[in-house]
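Visitor: Got a structure for you, questions after.
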Amino acid sequence: MSPTLRLGVTGLARSGKTVFITSLIHNLLDRGQLPFFDPLRQGRILSVYIEPQPDDSVPRFEYEDHAALLTSPDPQWPQSTRSISQIRLTIEYEPIGAFWNAFGTNRLHLDIEDYPGEWLLDLPLLDASFQEWSRSSIASAREPQRGAASREWRGFLSQLDPAAKQNETLAREGAAVFTRYLQACKQETLALSALSPGRFLLPSDLAGSPAVTFFPLDLPAADREAPRDSLRAMMERRFEAYKTHVALPFFRNHFARLDRQIVLVDLLSALNAGPYAVADLRRALDEVLTCFRYGENRWYSFLTGKSIDRLAFAATKADHLHHENHIRLEAILTSLMNDSLARTAFQGADVKAFAMASLRSTREALVKQNGDSLGCVAGIPIAGETVDGQVFDGKRELAIYPGDLPDDPARVLAPDWIGTGNPLHFVRFRPPLAPAPQFGKPAPLPHIGLDRVLNFVLADKLS
Ligand SMILES: Nc1nc2c(ncn2[C@@H]2O[C@H](COP(=O)(O)OP(=O)(O)OP(=O)(O)O)[C@@H](O)[C@H]2O)c(=O)[nH]1
Ligand SMILES: [Mg+2]
């Protein structure tokens, strides 16, 4: 029996999970440039291969399709993930130490799971009552920064009487209006993260079912019993059904069985959208960390008996910044994470933050301007991206100065740090053209810092 490490690649929507998993496998299978991954640098990795996964009921992660798409002559990013999938890598390695060296190899199964990032935010709901969720959700919708995004939803809500008789048509209409509000919050301009329930944004096979046909209600402060056939009772029942039939099985069958987690964070999109989005991202991180507090007397700790001993947070897509800014990006993530660690009184696991790019899509360039050298990144913006009003066709390369992150990480939460205009500007780039094959084999996907993340989550299991 070889030991197994179940690695959860977690992250909010579009944070880069699928690209990360693809690049990780590609680099391990094809021995990429991973100088900071100790077992490989020490020459102890003997072979890596894909094996049948352990769970027959979970779809296989479509590694071959994603890798083919990213390395094709016209490389493309993968589609958004719509459901859970899994893949098993087996790593044969030489253990450290003279005794073992004389006696051959060890094996480790690395089981990796990919799932839609939105689902992650369902886990904090497990501990919330309908009333608590309604209050916090409606309070957020009333924040001025969400004014435009939540207008229709607030208007709808103000017409409702929670004590009125239950009504299926109204329930469907309300769920649709509430979903439109969540979708508007997710758009690039707001780039918010803490949006739940997750299946409203990505219902998968639940679309249209009662479990996703509910919405929060503006309830009176004094807790009164609602008649069984009232709108409030109907919403409450469905909220509880969502917890029992959607959030809990996901937690029990997947999340709770993981040994280690990598939490990918699209910090750049939040920075691009401004301090409100960064604060919201921190709120989402708080919620994620709360889910990891298995050890404490939370009722769901009885379900698992397992605890995560290492947790890596990684700010992805660092190739949008010149390398001089990578340390600042890491410092900002560390600072947000430390805030969250303190606020959630999280203990028990080794936690570390990284800045990385799973698939490096840019190269660096220095551009002279008024006697100064600006650290730029050059790549091909994806078709439709705009820079200074210029629309890109997905073919032309552009060198862009994305701006400098602040020196002091705490500044990113200060409402005044972006002044009148955001000093940061990121465009989305196409994946890089695949490098020429090496020794007849495809060249491994280029990355930034993938090896440091791997070393943190994997190296001690290969010792
Ligand atoms: N430049 C750059 N862009 C990246 C990188 N990784 C991801 N991206 C961008 O981020 C987008 C989302 O990446 P995915 O891996 O699909 O993200 P995900 O977390 O799986 O998203 P969902 O499945 O929707 O939850 C991609 O389409 C790319 O535009 C990277 O290393 N560099
Ligand atoms: Mg995905």
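Visitor: Please list the three semi-axes, largest first and in whole Å, of the ellipsoid equivalent to the range 129-216, using sqrt of 5 times the eigenvalues of its alpha carbon gyration tensor.
Guide: On the way: eigenvalues 79, 55, 28 Å².
One finds semi-axes of 20, 17, 12 Å for the range 129-216.
Visitor: By how many degrees, between 0 and 90 and to the nearest 10, does the Cα long axis of helix 17-29 differ from the longest principal axis of the chain?
Guide: 20 degrees
Visitor: Another question, if that's okay. Ordering His26, His66 by accessible area with a probe of 1.4 Å, largest first, what comes out?
Guide: Numbers: His26 10, His66 30 Å².
Sorted descending by solvent-accessible area, the residues read His66, His26.
Visitor: OK, next. From largest accessible area down, sort Arg411, Arg430; use a 1.4 Å probe on the protein chains. Mind showing how you got there, number by number?
Guide: On the way: Arg411 90, Arg430 50 Å².
Output order, biggest surface exposure first: Arg411, Arg430.
Visitor: So which GluC sites (Glu not before Pro) in the range 334-431 are both in a DSSP loop and have at most 16 other Cβ atoms within 10 Å of their Cβ?
Guide: Glu397
Visitor: Let me ask you something else. Mind checking which aspartates and glutamates have their C-alpha under 19 Å from Lys243, skipping anything on the same chain fewer than 8 residues away?
Guide: Filter leaves Glu118, Asp122, Asp127, Glu132, Asp205, Glu287.
Visitor: Now for a different question. Cross-link candidates for Lys395: which aspartates and glutamates have Cα within less than 20 Å, leaving aside residues fewer than 8 places away along the same chain?
Guide: Cross-link targets: Asp74, Asp319, Glu364, Glu385.
Visitor: Roughly what angle does helix 130-141 make with the longest principal axis of the chain, taking Cα atoms, 0 to 90 degrees, to the nearest 10?
Guide: For 130-141 against the chain, the angle is about 70 degrees.
Visitor: If I model a spin label at Leu366 and Leu46 as a point 7 Å from the Cα along the Cα→Cβ vector, what separation in nanometres do I get?
Guide: The answer from the label model is 4.7 nm.
Visitor: Same structure, new question: With a cut-off of at most 16 other beta carbons within 10 Å, and DSSP calling the residue loop, which trypsin sites (Lys or Arg not before Pro) in the range 22-116 qualify? Please list them.
Guide: Numbers: sites: Arg31, Arg41, Arg44, Arg60, Arg82, Arg88, Arg107; in loops: Arg31, Arg44, Arg82.
Answer by residue number: Arg31, Arg82.
Visitor: Now a separate question. Say the cut-off is 20 Å between C-alpha atoms; which of Lys317/Lys352; Lys186/Lys317; Lys17/Lys352; Lys352/Lys461; Lys186/Lys352; Lys17/Lys317 go over it? Intermediate results must be reported in sequence, preceding the final value.
Guide: Values: Lys317/Lys352 17 Å; Lys186/Lys317 18 Å; Lys17/Lys352 18 Å; Lys352/Lys461 17 Å; Lys186/Lys352 27 Å; Lys17/Lys317 11 Å.
Correct reply: Lys186/Lys352.
Visitor: Amide H neighbours of Leu5 under 5 Å, counting only residues 5+ apart in sequence or on other chains, H built in-plane at 1.01 Å?
Guide: Result for Leu5 returns His109, Leu110, Asp111.
Visitor: Arranged from highest to lowest average of other beta-carbon atoms within 10 Å per residue, in what order do the peptides 146-155, 242-251 appear? Intermediate results must be reported in sequence, preceding the final value.
Guide: Details: 146-155: 16.5, 242-251: 18.2.
Packing order, densest peptide first, comes out as 242-251, 146-155.
Visitor: If you don't mind, another one. If I fit a long axis through the Cα atoms of helix 147-158 and take the longest principal axis of the Cα atoms of the chain, what angle between them do I get, 0 to 90°, rounded to 10?
Guide: 30 degrees
Visitor: Can you give the accessible area of Glu51, probe radius 1.4 Å, in Å² rounded to 10?
Guide: Solvent-accessible area, nearest 10 Å²: 50 Å².
Visitor: Ok, one more. So, R0 is 22 Å and r is the distance between the beta-carbons of Asp205 and Arg257; what FRET efficiency does that work out to, to 0.05?
Guide: Working: r = 21 Å, r/R0 = 0.97.
Given R0 = 22 Å and the Cβ-Cβ separation, E is 0.55.
Visitor: Could you please state how large a percent of the accessible area of the chain is carbon and sulfur, counting protein chains only and using a 1.4 Å probe?
Guide: Numbers: 10620 of 20600 Å².
Here it works out to 52 percent.
Visitor: From the backbone phi of the range 202-218, what are the Karplus-calculated ³J(HN,Hα) couplings (6.51 cos²θ - 1.76 cosθ + 1.60, θ = phi - 60°) in whole Hz, Gly and Pro given as x?
Guide: Those phi angles translate into 9, x, 6, 7, 8, 3, x, 7, x, 5, 10, 10, 8, 6, x, 10, 7 Hz.
Visitor: While we're on this one: For the range 154-252, with every protein chain kept in place, what is the accessible area per residue (1.4 Å probe, Å²)? Kindly include the intermediate steps, with their values, before the conclusion.
Guide: Details: 4720 Å² over 99 residues.
So the range 154-252 comes to 48 Å² accessible per residue, rounded to a whole number.
Visitor: Only helical DSSP H runs with n ≥ 4 go in: add -39500 (n - 2.57) per run for the chain, normalise by residue count and round the 222 nm mean residue ellipticity to 500 deg cm²/dmol. Each step should come with its number before you reach the end.
Guide: Details: 15 runs with 151 residues, N = 463.
Counting only the DSSP helices, I get -9500 deg cm²/dmol.
The values are calculated or read from the model by the stated rules, or taken from the named source; none is laboratory data. Keep in mind the model is a prediction, meaning the values are calculated, not measured. For neighbour counting, all protein chains shown are included, and Cβ atoms are generated from backbone atoms with ideal geometry for every residue, glycine included. These area figures cover heavy atoms from the full protein model, side chains too; ligands, DNA and RNA do not enter into them. Shrake-Rupley method; radii C 1.70, N 1.55, O 1.52, S 1.80 Å.
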